[in-house]
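Heads up: the structure comes next, in structure tokens.
The values are calculated or read from the model by the stated rules, or taken from the named source; none is laboratory data. Note that the structure is a prediction, hence the values are computed from the model and not measured. Neighbour counts are summed over all protein chains in view; Cβ atoms, including those assigned to glycine, are modelled from backbone coordinates with ideal geometry. Just the protein is used for accessible areas: all its heavy atoms, side chains included, with ligands, DNA and RNA removed. Shrake-Rupley method; radii C 1.70, N 1.55, O 1.52, S 1.80 Å.
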Amino acid sequence: MAVAWPYASGPRHIGHVAGFGVPSDIFARYQRLRGARVLMVSGTDEHGTPILVAADREGISPREIADRYNAVIADDLQKLGLSYDLFTRTTTLNHARVVQDVFRTLYEKGYLLRQTQQGAFSAATGRALPDRYIEGTCPHCGSTGARGDQCDNCGQILDPVDLIEPRSRIDGQPPIFRESEHFLLDLPAFAGALTEWLESKTEWRSNVRRFSLNMVAELRPRAVTRDIDWGIHIPLPEFAVRDDKLIYVWFDAVIGYLSASVEWGRDRGEPESWRAWWQNPEASHFYFMGKDNIIFHSVIWPSMLMGYGSGGELGGGPPNLPLVLPENVVSSEFLTMEGQKFSSSRGIVIEVRDFLERYDPDSLRYYLTAAGPETQDTDFTWAEFIRRNNDELVATWGNLVHRTLTIAKKHFGEVPQPGALSERDQELVSAVEAGFDSVAQLLEAARFKAALAEVMALAAGVNQYLTENEPWRLVTTDRDRSATVLYVALRCIDNLKLLLLPFLPFSCQKLHLMLGHEGVIAPMPVKVTVAADGDPHPVLTGDYATPGVSWMTTHLAPGQQLGEPAPLFRKLDPELAQVELARMAPPPD
């Protein structure tokens, strides 16, 4: 599993993790439960001009900026429970070696062209500007918010020189264009193979597949180097000591999926183990990102993989098979906030770390899945977040768990011994247990919103069953029937716990213990320092094996001692919406 690399120029906001973070972890946790071997990798993207801009603004080195935000971002993702096998960074020696190997191999095979082209530079500093730091009017659709690499309105691939009235996002000034020699990836050379491959991906989200095919129809060479002094050196003799022309950040970032897999194997003392994931035709690669990164993952990176093939210093060893192409590119749309686009500079932002200081991670995970931008742009509002937390998490699932466990613990102290199940009892149990198949089908198709809705509908059904049977009343009039009703409810809750585990790992772990079970069913990532190749750096990793727990119906044993019941979620005061909006308000003049 390849998860988009968050850029280390500042803290990430909830719109970022709505695209790459929460969906990827849901998928990874589900796949592990069903018994699949999973390798989930990513890290912080730490090269390029934005890092330099942030460093200049603070008067410190680019490395200091990268170190700071690598730590902040990794801490946020750890607190959100994202179960990376390796979350690393692009400033490692390992990553540089892998990037240079891919560059060299593509160059030797003739897929990197040397051409002179117009480059954009800051009028104030003379420094090269990244494509995404230039905005203007799209020459194709007239949108005024087009970037120098792509227009989000019509989807056209652009170069900064294409824009009408271009301006720098850094200082608002028009850039200076001048000629400079660069290496360009010969994307048109892969057009035929890309078209055939993309047309076969009928299971992809329609917007991703359609967008990608449209892009292939208009491919042109794309620069993989930039006039910049912060990045990875070009691995050719004439550039070995030059610090003024380096590899472009987008090129090195997508190679990070491969380099992180290599690093993961070396950290485990199994340096060739990456091949089982990258040179194995049976391996399935799923990529997770926001829609502004689709082209890099569905067109450009597959072209690089096709060009690299089974060659290179890294890939040339046994089994000498080509690198695996993406199985699916799972892209989410944009999340806006209170009707406006996220903007740190204008205070329209909710940083992940700030959110998690005040609210539970499962509440955020739930909202971003149930109401997030899976297939269309959606708007985050504080009022809707609080409503969903209270009306769905607390009132439906949390209430079901708390009242069932409270009654069972108070009157029986254990999972009650049931009598014969009635037809209604058995229908409910069967409906919940059938969820393992229906929810799995939705998760396999990356339909996370529909999968979560399916589980919550099952929980609502169990709630209705309790309301119909009133075990709190039966316990004084028909204790045996009360025991049966509570057993049925607890058995359903035990199954729902596993169905919800990929979505709500923190609260499902708490529930697991309250039901009287032992052990960890929702392993969390840990932060450690690795020192492979004498290059110490912090990473997120973890052991996510859960012996005895899998994606299948559970068998809650009568007589099992129950733990102490406690609320799974906090009910939030609706007035908090105004409090949070006030935090966002700009300071008075």
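The residue list VAL72, GLN31, PHE20 was ranked by how far each Cα lies along the charge dipole of the range 1-94 toward its positive end, using unit charges on Cβ atoms, and GLN31 comes out on top. Each Lys and Arg Cβ is given +1 and each Asp and Glu Cβ -1; about its Cα centre, the range 1-141 then shows a dipole of about 440 debye. Note: relative contact order over the range 459-589, using C-alpha pairs below 8 Å and six or more positions apart, is 19 percent. Across the range 180-305, Cα pairs under 8 Å and at least six residues apart give a relative contact order of 25 percent. Taking the C-alpha atoms only, the angle from helix 448-469 to the longest principal axis of the chain is near 10 degrees. A viscosity of 1.002 mPa s and a temperature of 20 °C, combined with the Kirkwood radius over C-alpha pairs in the Stokes-Einstein formula, give the range 1-139 a diffusion coefficient of 122 µm²/s. Give me the angle, in degrees from 0 to 90, between the Cα long axis of helix 249-267 and the longest principal axis of the Cα atoms of the chain, rounded to the nearest 10. Tilt of helix 249-267: around 60 degrees. Put simply, when 129-140, 440-451 are sorted by average Cβ atoms within 10 angstrom per residue, most first, you get 129-140, 440-451.
Take the Cα radius of gyration of the range 512-586 and divide it by 2.2 N^0.38 Å, N being the number of residues; the result is 1.85.
Any idea what % of Cα-Cα pairs in the range 281-413 are farther than 26 Å?
50 percent
Pairs of alpha carbons in the range 4-70 separated by more than 13 Å make up 67% of all such pairs.
One chain, two ends: ALA545 and PHE239. Fully extended at 0.36 nm per residue, the span grows by 105.6 nm beyond their Cα-Cα distance. If you take the charge dipole of the chain about its Cα centre, with +1 on Lys and Arg Cβ and -1 on Asp and Glu Cβ, which of VAL299, GLY59, CYS508 is farthest toward its positive end? Of the options given, the answer is CYS508. The distance from the alpha carbon centre of the range 419-480 to that of the range 495-534 is 23 Å, rounded to a whole number. Against the main long axis of the alpha-carbon atoms of the chain, helix 206-216 sits at an angle near 10°. Taking the average, over residues, of other Cβ atoms within 10 Å as the packing measure, peptides 111-121, 467-477, 405-415, 91-101 rank 91-101, 405-415, 111-121, 467-477 from highest down.
Counting only protein heavy atoms and a 1.4 Å probe, the range 494-558 has 40 square angstrom of accessible area per residue. 3J(HN,Hα) along the range 358-374, derived from phi through the Karplus expression 6.51 cos²θ - 1.76 cosθ + 1.60 where θ = phi - 60°, amounts to 10, 9, 6, x, 5, 5, 5, 4, 4, 4, 5, 8, 6, 10, x, x, 4 Hz, with x in place of Gly and Pro. With K and R counted +1 and D and E -1, the other residues having a Cβ less than 13 Å from that of GLN376 yield a net charge of -1. The phi-based Karplus calculation (6.51 cos²θ - 1.76 cosθ + 1.60; θ = phi - 60°) puts the 3J(HN,Hα) values of the range 385-391 at 4, 5, 4, 5, 4, 6, 7 Hz, whole numbers, x for Gly and Pro. Dividing the helix sum by the residues of the chain, where each DSSP H run of 4 or more adds -39500 (n - 2.57), gives a mean residue ellipticity at 222 nm of -12500 deg cm²/dmol. Ordering TYR287, GLY309, LEU428 by the projection of their Cα atoms onto the charge dipole of the chain, which places +1 on the Cβ of Lys and Arg and -1 on the Cβ of Asp and Glu, puts LEU428 at the extreme positive end.
Rounded to the nearest 20 debye, what is the charge dipole size of the chain about its Cα centre when +1 sits on each Lys and Arg Cβ and -1 on each Asp and Glu Cβ? Don't skip to the answer; put the middle values down first.
Details: 56 positive and 76 negative charges, 116 e Å.
Rounded to the nearest 20 debye, it is 560 debye.
Look at the alpha carbon pairs under 8 Å that are at least 6 residues apart: their mean separation over the length of the chain gives a relative contact order of 18 percent.
Here r is the Cβ-Cβ distance between GLU468 and GLU270 and R0 is 56 Å; the resulting FRET efficiency, rounded to 0.05, is 0.50. In this structure, the residue pairs whose Cα-Cα separation is over 21 Å, taken from LYS410/LYS571; LYS291/LYS449; LYS109/LYS201; LYS510/LYS571; LYS79/LYS527, are LYS410/LYS571; LYS109/LYS201.
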